[in-house]
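The values are calculated or read from the model by the stated rules, or taken from the named source; none is laboratory data. Please read all numbers here as calculations on a predicted model, not as lab measurements. Don't worry about glycine lacking a Cβ; one is built from the backbone with ideal geometry, like all the others, and counts go over all protein chains shown.
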Amino acid sequence: MSIRCLIIDDKPLAIDILVDYVSKIHFLELAATTTNPIEGLSIIRDEAIDLVFLDIQMPELTGLQFMSIAGKKCKVILVTAYAEFALDGFENDVVDYLLKPVAFERFYRAAEKAALAIEKQTVTVESPPTSDHIFIKAAHRIQRVDLKDVLYIEGLQNYIAVHTKAEKIISLQTLKSIEAQLPVKDFIRVHKSFIISLRQISAIERGRILIGGAIIPIGDSYRDKFFRAIGNVAGL
């Protein structure tokens, strides 16, 4: 199991230390770092992030405010110099609370706790959708869309475009919300702005997917998962 991590701290030196620690733990994969918690919210919205190493005292948003906005999208380990926030952290269901300066041994134990929590969550998660259709609110009606006809879905700011064999359907929702309705054996997110049907791929070349006459880019953070999925579909 590989755990995709995001580090958020307004001190670049603190980030550098955690980056070094993450690089030494084989089951952690560094997805991104940022000194701006608002940018961090965008990252967890657009990318597959499992775990956030989060500072508390930051100018734009505190760590506690960040968790309130982010909800339960990913697990959190607080990394801070302020012991007095420990209770608030655990009341927000954080995995662990690390006091700076953090020793590597203590960091490793926190990472192991996160791995166990994420593994348990994965095992107990509800079965993915298996329906052969979805309903989409489009314009002034709710439209049934057969999944066998969907080529790909494109995220466009606050709305999506569902590209089928016959038409393009515009719906005011997020890519993340429709992703939760799709069966994982047939659909996969390949870019922060695209979900594709694995069954509709015409070809793959130069790091791009050809599907329904369109060329879809493969995002770096989605590449490994996509090619594993292609191997499963092809029986490789």
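Couple of notes before you dig in:
- Residue 49 vs. criteria surrounded by fewer than 16 Cβ atoms within 10 Å (Cβ to Cβ), under 16 Å from the mean Cα position of the chain (by Cα) and in contact (Cβ under 8 Å) with a residue 12 or more places away in the chain: no
- Residue satisfying all of: in the range 199-236; under 15 Å from residue 162 (Cα atoms) and touching a helix residue (DSSP H, G or I) at 6+ places or on another chain (Cβ under 7 Å); modelled with the highest pLDDT among these: 211
- Checked against the criterion of being surrounded by fewer than 22 Cβ atoms within 10 Å (Cβ to Cβ), under 12 Å from the mean Cα position of the chain (by Cα) and assigned by TED's automatic domain parsing to the domain that holds residue 100, the range 8-30 has no qualifying residue.
- Residue that is under 19 Å from residue 94 (Cα atoms) and among the acidic types (Asp, Glu), where the choices are 16, 55, 46: 55
- The C-beta contact set for the range 26-46 (first residue under 20 Å from residue 175 (Cα atoms), second residue among the aromatic types (Phe, Trp, Tyr), distance under 8 angstrom, 6+ apart or interchain) comprises 40/66; 41/66.
- Boolean, residue 99 is closer than 23 Å to residue 3 by Cβ, surrounded by 11 or more Cβ atoms within 10 Å (Cβ to Cβ) and in contact with a strand residue (DSSP E or B) (Cβ under 8 Å, 6 or more places away or on another chain): yes
- When residue 216 is tested against (1) part of a loop (DSSP other than H, G, I, E, B); (2) more than 17 Å from the chain's Cα centre (by Cα), exactly one condition is not met: (1).
- Number of the exception - residue 206 against (1) surrounded by 14 or more Cβ atoms within 10 Å (Cβ to Cβ); (2) within 17 Å of residue 222 (Cα to Cα): (1)
- Spans of helices (runs of 4 or more DSSP H) in the range 1-116 with at least 2 residues at pLDDT 90 or above: 12-23, 37-46
- The set of residues in the range 155-191 being at pLDDT 90 or above and within 23 Å of residue 32 (Cα to Cα) consists of 155, 188, 189, 190, 191.
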